[in-house]
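**Student:** My structure is below; once you've seen it, I'll send some questions.
What follows draws every value from the coordinates through simple rules; no lab data is involved. All of these numbers come straight from a predicted model, not from anything done at the bench. All Cβ positions, even for glycine, are placed from backbone atoms using ideal geometry, and neighbour counts span all protein chains on display.
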Amino acid sequence: MNLRTKDFKTLEWHGESLGKDDKKEAKLRNDSYQVRKISLVRRGKVAEKQIKLIAYEMPLDPPSQKGGYRRNCIDLLGINNSQRPYIFELKKTNGDDLPKTIQQINKYQNKFEKIREYIEKEITEKINEETVFLGFELKKEKKFKFNGRSSKIILAPKEYYNRQRKKGKYIKPNEDIEYCYFSCKEGNISKQPVLKLHFKWCSKSEQ
């Protein structure tokens with residue numbers, strides 16, 4: 001199997017900058033990455049105090065594959081304080097329907113799990129050269145390792161979920177995926193010191 005083994009664009013800025021009026025999901029992604037820190041809020045209480053964003057538009061396919069760089073990319077990749085990885089799939093209000101979005105994030109997780117050791121290697125090399133990245137600090141380690149299987153979060157404006165309901169695409173929540181929305185308006189994302197996300201649904205044990 002041909003796997004990507006390097007150049008995952010972790011802990012860096014890459015690609016072209018986007019204008020203030022850009023309506024694409026790419027601006028939503030870049031604005032979120034600019035904040036760099038995420039907090040998850042469940043029923044008014046902080047469920048995850050800080051997730052550090054360590055990559056955006058992270059390529060998963062080998063560069064030699066046709067359309068490989070752009071076709072399969074993780075929108076945002078983060079880690080919590082115990083270095084558990086979080087995969088975020090972002091959608092604008094008028095983005096892909098929820099069933100397709102679920103298929104996407106499941107596919108990205110499967111690809112990520114197959115190449116995570118190579119991503120760990122890249123991060124190890126970078127943090128041993130420098131410890132401060134994009135406004136936060138990572139400690140030097142002989143070998144950086146993710147802790148546990150990756151978590152999946154679909155992140156969209158609250159209106160996205162409302163639109164899915166109206167279109168009849170509102171499906172039963174998947175227990176393996178978290179569904180979140182921004183606590184602020186899209187235009188104010190990049191101005192937040194910490195990006196707060198609220199859960200659209202709670203797990204069955206909390207209902």
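**Student:** Given H placed on each backbone N at 1.01 Å, which residues far from S151 in sequence or on other chains put an amide H within less than 5 Å of it?
**Tutor:** Y86, I87
**Student:** Can I ask one more? Can you list the residues of the range 80-122 with backbone N under 12 Å from a point 7 Å past the Cα of D176, pointing along Cα to Cβ?
**Tutor:** Output list for this probe position: 102-111.
**Student:** Further question on the same structure: Counting Lys and Arg as +1 and Asp and Glu as -1, what is the net charge of the other residues whose Cβ lies under 9 Å from the Cβ of L40? Show your work: numbers first, answer last.
**Tutor:** Details: positive: R42, K49, K196; negative: E48, E178.
Neighbour charge sum, excluding L40 itself: +1.
**Student:** Check the straight Cα-Cα distances from K6 and name the aspartates and glutamates below 14 Å, setting aside those fewer than 8 residues away within the same chain.
**Tutor:** Correct list for K6: D61, E117, E120, E122, E125.
**Student:** Mind sorting T101, T93 by how few other Cβ atoms lie within 10 Å of their own Cβ, fewest first?
**Tutor:** Ascending number of Cβ neighbours within 10 Å: T93, T101.
**Student:** Applying 1/(1 + (r/R0)^6) with R0 = 25 Å to the Cβ-Cβ distance of E113 and E141, what FRET efficiency is obtained, to the nearest 0.05? Write out the running numbers ahead of the final one.
**Tutor:** Details: r = 21 Å, r/R0 = 0.83.
Plugging the Cβ-Cβ distance into 1/(1 + (r/R0)^6) gives 0.75.
**Student:** To make sure I understand, if each residue's beta carbon is the centre and we count other beta carbons within 10 Å, what order do H198, H14 fall in, fewest to most?
**Tutor:** Going from sparsest to densest Cβ surroundings: H14, H198.
**Student:** How large is the charge dipole for the range 24-169, taken about the Cα centre, if only the Cβ atoms of Lys, Arg (+1) and Asp, Glu (-1) carry charge, to the nearest 20 debye? Mind showing how you got there, number by number?
**Tutor:** Numbers: 36 positive and 19 negative charges, 153 e Å.
Dipole about the Cα centre, nearest 20: 740 debye.
**Student:** What net charge is computed for the residues neighbouring R84, neighbours being all others with C-beta under 14 Å from the C-beta of R84, Lys and Arg scored +1, Asp and Glu -1?
**Tutor:** Overall, the nearby charge balance is +2.
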